[in-house]
Amino acid sequence: MRHIMNPLDLSVEELDHLMDLATDIERHPAKYAHACDGKVLATLFYEPSSRTRLSFESAMIHLGGHVIGFADANSSSVTKGETVADTIRVVSCYSDICAMRHPKEGAPLVASLYSRVPVINAGDGGHQHPTQTITDLHTIRSMKGRLSDITIGLCGDLKFGRTVHSLIHALIRYPGVKFVLISPKELRVPDYIRDDVLEANNIPYREVEQLDDAMADLDILYMTRVQKERFFNEEEYIRMKDAYILDKKKLKLAPEDMLILHPLPRNNEIATDVDDDPRAVYFRQVQYGMYGRMALILMLLGLDGIYEG
Ligand code: CP
């Protein structure tokens, strides 16, 4: 039994396999429509979500399985003081696999220690979000044709943005990847990413404050929202929230083949006039996410043998 807490829990070969499987699922959905007949996915979401929870649920339904869970911890026995450990002990009696989101870093890891079924971290505080990373890698590989030899700009809240932390962890394993970290100084990547991941592995990166200074060099621009829910100080959030706004005019500085990704939800950081630009792939990215999660569910349940690739 395996749990997925961090993209590093998957080797590069396994990530490649997942993306190949996701592509096959998208091309041949009927082949997979009953792969999870009789299986149950539990979604335990202690923090709000639209994409991650619904794409996990849609993924399991498209595989022929069933879904149980809660979208709001207030409707569960957490309100009576039940711990994550006890909740997963119970829920893993009812299900075959579980996706958990929690505002506290490490809560899904605690759950995995007490679970009888695979636990997937669906986002823990400002820490990690491995299935968003599968989504992001699958989008880049499918639309750019490669994950190596790319320059990626990560823009916005790089301090609290867990999708950024997970994506950096995953991408450093591909050759020729360069990072441009675009943020106000207050929202730079944490030291445990800059020093322990980028510096420690001699990964080329630069930190800039202006999006305009970076745009012309990018193959990928990964925009993120400022994470209001992680700020202790409302005034600080208001000062930061519109630090970057990508609009049609600014996009003139970008290469014609640059892709714009965003894990969503967005606030103001991408103006809606960008949505029709062929470089804007953030809604296609959502679709890739569901196929990636279908592939991950099959792999963790040992049902990926259906793919003969
Ligand atoms: N990208 C993402 O995690 O979105 P949700 O918060 O809606 O799940």
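The values are calculated or read from the model by the stated rules, or taken from the named source; none is laboratory data. Since we're looking at a predicted model, the values are computed, not measured. We place every Cβ from the backbone using ideal geometry, glycine too, and count neighbours over all the protein chains shown. Calculation scope for accessible area: heavy atoms of the full protein, side chains included, ligands and nucleic acids excluded. Shrake-Rupley method; radii C 1.70, N 1.55, O 1.52, S 1.80 Å.
Specify which residue in the list L218, P255, T135 is farthest towards the positive end of the charge dipole of region 131-285, using unit charges on the beta carbon of Lys, Arg (+1) and Asp, Glu (-1), about the Cα centre.
T135
For the pair A30 and R206, how long in nm is the line joining their label points, each one 7 Å along Cα→Cβ?
Result for the modelled spin labels: 5.3 nm.
In debye, nearest 20: dipole of the chain around its Cα centre with unit charges on the Cβ of K, R (+) and D, E (-)?
440
Given a Förster distance of 51 angstrom, what is the FRET efficiency for H66 paired with E105, based on the Cβ-Cβ distance and rounded to 0.05?
Working: r = 30 Å, r/R0 = 0.59.
The formula returns an efficiency of 0.95 here.
For R194, what accessible area in Å² do you get when you roll a 1.4 Å probe over the heavy atoms of the protein chains, rounding to the nearest 10?
40
Multiplying the sequence separation of E235 and N74 by 0.36 nm and subtracting their Cα-Cα distance, what value in nm do you get?
Extending this stretch completely gives an extra 55.2 nm.
At each listed q (0.21, 0.23 Å⁻¹), what is the log10 of I(q)/I(0) that the Debye formula gives for region 81-198 modelled as equal alpha-carbon point scatterers?
So the normalised log intensities work out to -1.11, -1.22.
Which of the helices in the chain, when you take each full DSSP H run, stretch at least 24 Å along the axis at their Cα atoms and have an average Kyte-Doolittle score of -1.0 or higher?
Working: long enough: 282-300 (27 Å, 0.51).
In the chain, the long hydrophobic H runs are 282-300.
Quick query: amide H of L259 versus all other amide H atoms, modeled in the peptide plane; which residues come in under 5 Å with a sequence gap of 5 or more or a different chain?
HN-HN under 5 Å from L259: I220, L221.
Could you work out the helix-only [θ] at 222 nm for the chain, with each DSSP H run of four or more residues adding -39,500 (n - 2.57) and the total divided by the number of residues, to the nearest 500 deg cm²/dmol? Could the numbers behind the result be given before it?
Working: 10 runs with 103 residues, N = 309.
When only DSSP H runs of four or more count, the value is -10000 deg cm²/dmol.
Aspartates and glutamates within cross-link reach of K31: Cα-Cα under 13 Å, excluding same-chain residues under 8 positions apart?
Counting by Cα, and skipping residues close in sequence, K31 has these aspartates and glutamates nearby: D304, E308.
If you rank S77, S50 by how much accessible surface each has, with a 1.4 Å probe, what is the order from largest down?
Ranked from most to least accessible, the order is S50, S77.
Would you mind telling me the share, in percent, of accessible area of the chain contributed by carbon and sulfur at probe 1.4 angstrom?
Carbon-and-sulfur percentage of accessible area, whole number: 49.
What base-10 log of the normalised intensity I(q)/I(0) is obtained for region 197-306 from the Debye formula, alpha carbons as equal point scatterers, at q = 0.11 Å⁻¹?
-0.51
For the chain, just run the numbers: alpha carbon Rg, then divide by 2.2 N^0.38 Å, N being how many residues it has.
0.98
For the residue pair Y94 and K144, what label-to-label distance in nm results when each label sits 7 Å from Cα along the Cα-to-beta-carbon direction?
Output for this residue pair reads 4.1 nm.
Among the listed pairs K39/K104; K144/K178; K159/K250; K80/K159, give every one whose C-alpha distance is greater than 21 Å.
K39/K104; K159/K250; K80/K159
Find the Rg to Rh ratio for region 131-285, where Rh is the Kirkwood radius over alpha-carbon pairs and Rg uses the same atoms.
Rounded to two decimals, Rg/Rh equals 0.93.
For the chain, what is the accessible area per residue in Å² when the probe is 1.4 Å?
Value for the chain: 43 Å² per residue.
Answer rounded, prolate or oblate for region 182-223, using the Cα gyration tensor with square roots of eigenvalues a ≥ b ≥ c: rounded when a/c is under 1.5, else prolate when a/b is larger than b/c, else oblate.
Note, shape of region 182-223 comes out oblate.
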